[in-house]
Every structure is written in C-alpha cells, then in structure tokens.
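**Q** Quick one: the structure is below, questions incoming.
The values are calculated or read from the model by the stated rules, or taken from the named source; none is laboratory data. If you're wondering where the values come from, they're calculated on a predicted model, not measured in any experiment. For neighbour counting, all protein chains shown are included, and Cβ atoms are generated from backbone atoms with ideal geometry for every residue, glycine included. Ligands, DNA and RNA are stripped out before the accessible areas are found, and what is left, the full protein with its side chains, is counted by its heavy atoms. Shrake-Rupley method; radii C 1.70, N 1.55, O 1.52, S 1.80 Å.
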Amino acid sequence: MMQTIIIILYCLTTSYDQHTDPKATDNSQRSTYYGMYQDIHVMIFIGFGFLMTFLRSYGFSSLTLNFLVGIYSIEWGILVVGFFAKAWESDWSYLGLNIEMLIEGDFAAATALISLGAVLGKTSAMQTLIMVTFELIFYALNFQIGVNGLGAADIGATMFIHTFGAYFGLAVSWVMSPKTSKDHKENGSVYHSDMFSMVGTIFLWVFWPSFVSVLADGNNQDRAILHTVLAISSSCMCALLASSLLRPDHKFDMVDVQNATLAGGVTIGAVADHYLGGGGALFVGAAAGILSTIGYVYVQPALEEKIGLFDTCGVHNLHGMPGVLGGLASVVSAACAGKSLYGDSLGSVFGAMAPEGNDDGAGEGRSASQQAVNQLLALLITLGIAIASGIVTGMIMKLATFDSPGDELFNDVTAFGVPGDGPKPSIAPLDAASMTDASRKKGFGLSTAGWMSPKSRMNQGQNFDPVKGTEMTPKEDGSNL
C-alpha cells in the first residue's frame, strides 16, 4: 500500500526540471554530482548494511532491513524534503526531479538508517517502515527550520542528519525496547559476524569525504574533503588508542574498531568547510574518536542500567555524542568567523553573514556572534524535535503489536526461513492450533512470526522435532522416526 501511495504522489506532484527535461540541453548535473552521489550510495547500501551485520543471528534481517529502509527512505525522502522546501517558500509548483534530489534522498536514507541502528533486532519490518514514514517528515521540517529559518551552516549535516537520526532513534528505542533486550543471549556477535561488520566500516571510512562535501561549492569543497580525511584519520588513531587503554587487559575491542573509528567523520561535518587548518581538523577528529570510545565503554552501559535505554548499534556513541560535539564546534567556529579569515568567500560558508542584498539573496549582514547563537539554537532545536517526535513515533509503533517480534529478539527466524545451519528459535515454536490470541498479539502467529509451527515444518518435509524444538538427523532411509 505504501508503494502504491508513493507512485500516485510522484505522478501528481513531480516533474522534470531544467536539468532533466529533454527540451533542455547542456544543463546536466552528472559531472558535478554523479561521482560523489555513487560514493554516498555505496555508503548507504554497503557501508551501513554490512556495519549492522555484527549480530550473530540477525545477518539476513540486518541486510534486508537496511536495503528496505534505504530504498523506501529515498523514495519518501525526496517527496517530503521537496514538499517542505516548497512550502517554506510558498511555492506550490511541481517538485523538480534531478540528481541533486537523489542526493537528498540518500541523506534522508542515512538519517533513517542511523535510527534503525538504535532499534535493530527489536522491531518488525512493518514497524520499521512506520518509523521511517514519520521520521522523515520531522527530519525535513527540522532541516528547513535550521537551514532556512535560522541560517545555520552544516555542510556535512552533522546536526541535521547524524544528531537528528541518533536521538530520534534513541527516543523510539526507549519507548519500544522490551526489558529483555538487556543481556539478551542473541544481542552479541561471533567471530565471522564481526568480520562482515568491518566490511561496512571500511566502506564508510573510505567514502565519508564524499558524504560531507558533495554539496559544497568551489574550493569550499576541496577544504571539506581535506578536513574530513584528516579528521576521520585522527579519530581512527585515537579511537584505537582509547580502546587499548580503556578495555580489559588493554586489548582492542571490535565494537570500538567498527564504530568509534568513524566518529571523526560525524563531528567534522558541521565545520568541514570552515577555516580550521590541518591541526584543527586533526584535533576535532581526535576528540570525536576518544569521546565515541568512552561512550561505548562507559556511557552506553550506564544508560542501559539507569534509564533502560537499549541502543543496539550504539548510535548514541557514534552519531549522537559526536554529532553534538560537531554542533558545538560549529558554534565556536562561527564565533571566530570574519573576513580576515574567509575574505569574500565568507558568505559562501555562512550564507546569513554575507552582506545584505548580495547576488543570491541569502545575505543578512549577520555578525559572528549572531551566527554562533543561531548555530547553537539549531543544535538545541534539532535535539528537541528529534527526541519529542521519536517518543511520539515510538508510541505509534507500539500500537502495531500484531506485527512485533514479540520476545524473539535479534533473530532471523522472526522474518526468514533460514537454512538448517542458520539460527534457531530461542523460544520453542508453538503449533498454530494451541496458540492463544494473546500469544498471536505478541508476534507468534504464523502470519507474522516468520517461522512455521512444528506441524507445518513436518508437513513440508523439514527435519524438526516438535517435542524438543530442535533439528533432527534423518535416518539412512530418509525418515526421522
């Protein structure tokens, strides 16, 4: 149904623009955007996807949900981002489709996938799509308030993507996560799942500069690439150092290697095109890497224990705290901005600081102190909208109990028929005839649980012992008895 609605909305509200209309020639965006757009696409579907495969019994689901959420977010994100941009300008013409709007779709997907990391393994596919549907509406609204309302500068979307996505997802997780999430036996990794997760880390690390700099202009883009490479390199070094110092026996922990090494890319986004110098970029990355590692070692366990916040992927440590750090760094950087550092390019970095009546109409002649205040306001409003809308969305998702995983968390068997060597149900399946209405509402019904009753599996020839709830080894004649 959702896809049908999206098709209808595209038919009614979108059209080609001057970059894609066949009547317009020599106005392509391909050379400007397409290379970096493909880098971001790889981050969305390979980077985020494989990063989430660390759960030992949830590999099928992690990759499939990432694929599903990524695709749906691109389609829905283009519409809602375009709608709010048009509404802000009171422009009710058709939404123009072009490569830049595809990038906006990928940015929306990144926001949703960050939130997915907080609830991974604890929601069904339908609940996840409900979450994304509401999230992207608030994401687009917050973006317009921050960029067009407050004139905040955030070229790498540290505040508007990472911070928003993290705290929205954390709020949803706080509302949705059952207490059994804590210390659940399937909420962990094995050797090979951590190896697969590192594939995602490497892809994200390599392509992160494109994510940060794709929409920057002129040598602002060169500076953003330079700063991002330096910051994410520094965060990698310092996260590994912090991991070896803070973990038991002074040994590396793969959670830190997979995640905290990327924190510099999150933090630098808010100031990537600012005047930092090489040392400044390295310092920002170092602070992010250390902060993220401290989050994984100390902050996440404390939040689980004190307020019952169960964050599957640790998005608070990778995207939340480093995102807030980046927002605060942008406040300091904006307070120091001026023509002595930026020359005539000041307005291209901080649009509202350009003189009034400049060519693009963005200038307000804003002072550095005013810009710094607005950067802080953008961060605080982002946190407020993300947390409030996340709580409301989590409450709505809880209404969809007919499609929840129930108590079978972090396990592919809730949504997939898995091979014989795959994960097994941690709760013995019940036959459909003996199931109560209450158990069906908890997600154990055949239509929603994703795995079959013992009788059904026996009828379809699967080697399953309905008494022990385990696989049986067939005898030489092929029988099980």
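**Q** Has region 175-191 got any residue that is touching a Gly at 6+ places or on another chain (Cβ under 7 Å) and open to solvent by less than 20 Å² (accessible area, probe 1.4 Å)?
**A** no
**Q** So which residues in region 192-216 are modelled with pLDDT of 95 or more, open to solvent by less than 10 Å² (accessible area, probe 1.4 Å) and assigned to a helix (DSSP H, G or I)?
**A** SER197, GLY200, THR201, LEU204, TRP208, PHE211, VAL212, SER213
**Q** Which of (1) among the acidic types (Asp, Glu); (2) over 21 Å from the mean Cα position of the chain (by Cα); (3) in a helix (DSSP H, G or I) does GLU186 not meet, given it meets every other one?
**A** Only one criterion in (1) among the acidic types (Asp, Glu); (2) over 21 Å from the mean Cα position of the chain (by Cα); (3) in a helix (DSSP H, G or I) is unmet by GLU186, namely (3).
**Q** Quick one: how many residues across region 56-77 are in contact (Cβ under 8 Å) with a residue 60 or more places away in the chain and under 17 Å from the mean Cα position of the chain (by Cα)?
**A** Of the residues in that region, 10 qualify.
**Q** Then there's this: Which ones in region 241-255 are closer than 18 Å to ALA288 by Cβ and either under 24 Å from the mean Cα position of the chain (by Cα) or open to solvent by less than 70 Å² (accessible area, probe 1.4 Å) (or both)?
**A** ALA242, SER243, SER244, LEU246, ASP253, VAL255
**Q** If we scan region 125-135, do we find a residue that is small (Gly, Ala, Ser) and in contact with a Gly (Cβ under 9 Å, 6 or more places away or on another chain)?
**A** No, because not a single residue in region 125-135 is small (Gly, Ala, Ser) and in contact with a Gly (Cβ under 9 Å, 6 or more places away or on another chain).
**Q** Among the residues of region 348-366, count how many are open to solvent by 60 Å² or more (accessible area, probe 1.4 Å), modelled with pLDDT of 85 or more and under 33 Å from the mean Cα position of the chain (by Cα).
**A** Here the count works out to 1.
**Q** Separate question: So if I check each of GLY327, GLY384, which one is surrounded by 24 or more Cβ atoms within 10 Å (Cβ to Cβ), under 27 Å from THR293 (Cα atoms) and modelled with pLDDT of 95 or more?
**A** So the residue among GLY327, GLY384 that is surrounded by 24 or more Cβ atoms within 10 Å (Cβ to Cβ), under 27 Å from THR293 (Cα atoms) and modelled with pLDDT of 95 or more is GLY327.
**Q** Can you name the residue in region 19-55 that is among the aromatic types (Phe, Trp, Tyr) and open to solvent by less than 60 Å² (accessible area, probe 1.4 Å) and, of all such residues, is farthest from the chain's Cα centre (by Cα)?
**A** By that ranking, first place goes to TYR33.
**Q** Then there is this: Could you list all residues from region 67-103 that are assigned to a helix (DSSP H, G or I) and aromatic (Phe, Trp, Tyr)?
**A** Of everything in region 67-103, those that are assigned to a helix (DSSP H, G or I) and aromatic (Phe, Trp, Tyr) turn out to be PHE67, TYR72, TRP76, PHE83, PHE84, TRP88.
**Q** Separate question: Taking the condition of being more than 22 Å from the chain's Cα centre (by Cα), farther than 19 Å from LEU328 by Cα and not in a helix (DSSP H, G or I), how many residues in region 274-317 meet it?
**A** So the answer is 0.
**Q** Regarding LEU120, is this residue open to solvent by 10 Å² or more (accessible area, probe 1.4 Å) and either under 21 Å from ASN220 (Cα atoms) or touching a residue at least 12 places away in the same chain (Cβ under 8 Å) (or both)?
**A** Against the criterion (open to solvent by 10 Å² or more (accessible area, probe 1.4 Å) and either under 21 Å from ASN220 (Cα atoms) or touching a residue at least 12 places away in the same chain (Cβ under 8 Å) (or both)), LEU120 does not qualify.
**Q** Would you pick out the residues in region 332-347 that are buried (at least 20 other Cβ atoms within 10 Å of the Cβ) and touching a residue at least 24 places away in the same chain (Cβ under 8 Å)?
**A** SER333, ALA334, ALA337 - these are the residues of region 332-347 that are buried (at least 20 other Cβ atoms within 10 Å of the Cβ) and touching a residue at least 24 places away in the same chain (Cβ under 8 Å).
**Q** Regarding region 353-360, can at least one residue be identified that is part of a helix (DSSP H, G or I) and closer than 29 Å to SER115 by Cβ?
**A** No: zero hits.
Yes/no per residue for (1) within 14 Å of THR261 (Cβ to Cβ); (2) free of Cβ contacts under 8 Å to residues at least 40 places away in the same chain; (3) among the basic types (Lys, Arg):
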site	(1), (2), (3)
GLY277	no, yes, no
ALA288	yes, no, no
VAL297	no, no, no
PRO301	no, yes, no
HIS316	no, no, no
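**Q** Let me ask something else about it. Please go through (1) within 21 Å of MET52 (Cβ to Cβ); (2) in contact (Cβ under 8 Å) with a residue 12 or more places away in the chain; (3) open to solvent by 30 Å² or more (accessible area, probe 1.4 Å) for LEU226 and return the number of the only condition it doesn't satisfy.
**A** (1)
**Q** SER90 - would you say it is closer than 16 Å to VAL214 by Cβ, open to solvent by 50 Å² or more (accessible area, probe 1.4 Å) and free of Cβ contacts under 8 Å to residues at least 40 places away in the same chain?
**A** no
**Q** Please list, ordered by first then second residue, the pairs with beta carbon atoms under 7 Å, 6 or more apart or interchain, first in region 182-206 and over 10 Å from LEU55 (Cβ atoms) and in contact (Cβ under 8 Å) with a residue 60 or more places away in the chain, second charged (D, E, K, R) and in a helix (DSSP H, G or I).
**A** LYS182/GLU304
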